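What follows is a set of notes on a single structure, which appears directly below.
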Amino acid sequence: MTMRELYDRTKALFPLGELIEQRSGGNNDLVFVTVPAAHLRATILHLRDKEGFSHLVLLTAVDWLEEGQFQLTYLLNNRQQAYDLGLRVMISRDSATMESIHDVWPTAATYQRELREMFGIDFPGSPRIEEEFILEGWNDIPPYRRDFDTLKYAQEKFSERPGRKTHDPETHMRQQLYPDMSPTGK
């Protein structure tokens, strides 16, 4: 069975987006498909129970600030076929909530706790979801959101240390790598 055949079979059952092939034609195929949030659980259960995707490799998020959305990516693995399948789900940033899958794969609870703390995405019912995970005592917006101002936060929370220099990365690297060149790069 190829990933295309798997996609076609699964698309007949669930409303899947376009198949995006990252790696194909050899060992360790990797593809991505967008799934509506309302169909994620059923799709995951089908892939686990009927198609051999027995392992949740990771669950991660991307902040699409300009579009007002988060993209969740559930990377699943079928060890026997050497397939990796990324299911992408778009959810609103304003009401960043997604159904938990900790009962499908218990390891998801850890990923979900991290995503709640770092992005502010809630997974109601996930174990220990309300407990601090990484950022003990954090009281600002989640730091992985793109509208979090890291520089402003650092300036407000930390004092300058004498003798510390800040370098513009481009200029600094140019000076380190090409010290004989003029400042204009010629």
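Among Lys11, Lys165, Lys157, the ranking by other beta carbons within 10 Å of each residue's beta carbon, starting with the fewest, stands as Lys165, Lys157, Lys11. A DSSP coil position with no more than 10 other Cβ atoms inside 10 Å describes the following GluC sites (Glu not before Pro) in region 120-186: Glu130, Glu131, Glu136, Glu160. Averaging the sequence gap over all C-alpha pairs within less than 8 Å and six or more residues apart, then dividing by the number of residues, gives the chain a relative contact order of 14 percent. Arranged from fewest to most other beta-carbon atoms within 10 Å of their beta carbon, Val62, Val35 become Val62, Val35.
Whole-Hz Karplus values for region 94-100 come out as 5, 10, 6, 9, 9, 4, 6 Hz, taken residue by residue from phi with 6.51 cos²θ - 1.76 cosθ + 1.60 and θ = phi - 60°; glycine and proline positions read x. Taking one quarter of the surface of the C-alpha convex hull of region 1-107 gives a mean projected area of 6.6 nm². Under 5 Å from the amide H of Ser24 lie the amide H atoms of Leu30, each residue being 5 or more positions distant or on a separate chain, with H modelled from the backbone and absent for Pro and chain starts.
Taking 0.36 nm per residue of separation and subtracting the Cα-Cα distance, full extension of the segment from Arg4 to Met173 would add 56.4 nm. Expressed as a fraction of 2.2 N^0.38 Å, the value expected for a compact globular protein of N residues, the C-alpha radius of gyration of the chain is 1.34. Taken about its Cα centre, region 107-148 carries a charge dipole of about 180 debye when Lys and Arg each add +1 at the Cβ and Asp and Glu each add -1 at the Cβ. Amide H contacts under 5 Å for Tyr83: Asn78, restricted to partners 5 or more places along the chain or on a different chain, H placed in the peptide plane at 1.01 Å from N. Helical runs assigned H by DSSP (4 residues or longer) give the chain a calculated mean residue ellipticity at 222 nm of -8000 deg cm²/dmol, each run adding -39500 (n - 2.57) before division by the residue total.
Among Arg174, Arg48, Arg79, sorting on how many other beta-carbon atoms sit within 10 Å of each Cβ, with the fewest leading, yields Arg79, Arg174, Arg48. Using alpha carbon centroids, what distance separates region 83-109 and region 33-59, in Å? Between the Cα centre of region 83-109 and that of region 33-59, the gap is 9 Å.
Only the coordinates and a few stated rules stand behind these numbers; no lab work does. As the structure is a prediction and not an experimental result, all values here were calculated from the model. Please note: Cβ atoms are built from the backbone with ideal geometry, for glycine as well, and neighbour counts cover all protein chains shown.
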